[in-house]
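What follows is a short report on a single structure.
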């Protein structure tokens with residue numbers, strides 16, 4: 001019941017969002033460009049300062065630019081350093097249970113210790 | 001005793017030297033790439049050009065003498081604390097593992113790990129500065145848990161040899177570490 005297929009309800013939501021975003025955009029353009037005296041003469045006096053019509057997009061773009069750098073920095077900070085045990089194992093691997101070996105069955109999935117992996121990769125001469 | 005050329009992870013030439021002192025004692029040293037004359041002169045020229053630019057703007061001759069001072073002190077600090085000349089690993093079968101780093105100024109820093117604390121010496125892969133590198137490390141035994149690892153000690157951090165060099169070092173270490181299992185436990 002969680003398929004991404006188009007449904008009648010989703011079409012209605014999409015159209016409502018489309019109309020809402022167009023309305024918001026036209027309102028923003030009116031607020032930014034129409035002189036204050038004209039708006040006052042219509043009786044609409046309670047608007048935010050026009051300074052914000054320029055400041056908010058500027059803030060938003062700088063935030064997006066800083067977000068790129070911030071994400072890069074967060075990724076670097078959460079990478080485990082070379083001397084931590086998280087590069088070798090984790091809680092799931094420590095608590096795993098060994099399943100009994102059955103003849104002619106595919107062995108169960110498990111985390112192989114790094115010593116064993118190293119011996120298999122690097123020790124055989126051929 | 002033999003010395004073979006290899007490459008570091010960044011492509012600089014390094015050399016691995018193996019010495020077998022006895023059946024259960026081996027020393028493996030990796031010689032790091034030397035300080036390049038062109039990088040030294042590039043950094044010195046950049047600092048002195050910047051100082052000359054400041055001098056032209058401010059007409060204060062102290063800037064020039066400060067730049068010379070900074071360059072000299074910076075070079076001494078770099079050679080004594082940062083630039084590692086050679087990293088060596090001495091594995092003594094019944095005793096332990098000794099890791100020595102010698103700096104370009106002659107300073108040597110040594111760490112010794114007793115054999116009962118050493119679980120294994122393995123080649124691990126990890127993410128380091130937007131790259132995945134292989135590095136050799138000593139796994140220390142967790143006293144409470146025979147299967148557990150309490151600490152990871154990375155080796156050859158400054159020279160960062162590539163996998164072919166690491167496999168040689170790994171095989172040499174494993175030959176000595178295997179003697180632990182066959183030899184009878186005493187003491």
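The values are calculated or read from the model by the stated rules, or taken from the named source; none is laboratory data. Since we're looking at a predicted model, the values are computed, not measured. Because the Cβ atoms are built from the backbone with ideal geometry, glycine has one as well, and the counts that use them run over all protein chains shown.
Details
- Counting only strands (runs of 3 or more DSSP E) that sit completely within the stretch B:108-187, those holding 1 or more residues that are under 30 Å from residue A:75 (Cα atoms) correspond to B:118-128, B:131-141, B:149-154.
- Conditions (1) in contact (Cβ under 8 Å) with a residue 12 or more places away in the chain; (2) assigned to a strand (DSSP E or B); number of the one not met by residue B:21: (1)
- Scan of the stretch A:32-47 for residues that are assigned to a loop (DSSP other than H, G, I, E, B) and touching a residue at least 12 places away in the same chain (Cβ under 8 Å), ordered by number: A:47
- Residue within the stretch A:51-70 that is within 12 Å of chain B (Cβ to nearest Cβ) and assigned to a helix (DSSP H, G or I) present: no
- For the stretch B:55-62, the condition holds for no residue, the condition being that it is part of a helix (DSSP H, G or I) and within 36 Å of the chain's Cα centre (by Cα).
- Within the option set B:133, B:176, being within 9 Å of chain A (Cβ to nearest Cβ), surrounded by 13 or more Cβ atoms within 10 Å (Cβ to Cβ) and at pLDDT below 95 holds for one residue only, B:133.
- Those residues of the stretch B:30-55 which are within 30 Å of residue B:5 (Cβ to Cβ) and surrounded by 12 or more Cβ atoms within 10 Å (Cβ to Cβ), in sequence order: B:30, B:31, B:32, B:33, B:35, B:40, B:43, B:44
- Sole residue being more than 11 Å from every other protein chain (Cβ to nearest Cβ) and in contact with a helix residue (DSSP H, G or I) (Cβ under 7 Å, 6 or more places away or on another chain), chosen from A:90, A:111: A:111
- Residue B:63 surrounded by 16 or more Cβ atoms within 10 Å (Cβ to Cβ) and without any contact (Cβ under 8 Å) to a residue 40 or more places away in the chain: yes
- Whichever residue in the stretch B:139-159 is more than 9 Å from chain A (Cβ to nearest Cβ), out of contact with any helix residue (DSSP H, G or I) (no Cβ under 6 Å at 6 or more places or on another chain) and surrounded by fewer than 22 Cβ atoms within 10 Å (Cβ to Cβ) and, among such residues, is nearest to residue B:33 (Cα to Cα): B:158
- Yes/no for residue B:29 being part of a strand (DSSP E or B) and under 19 Å from residue B:135 (Cα atoms): yes
- Exclusive hit being in contact (Cβ under 8 Å) with a residue 24 or more places away in the chain and outside any loop (DSSP other than H, G, I, E, B), set A:92, A:28: A:28
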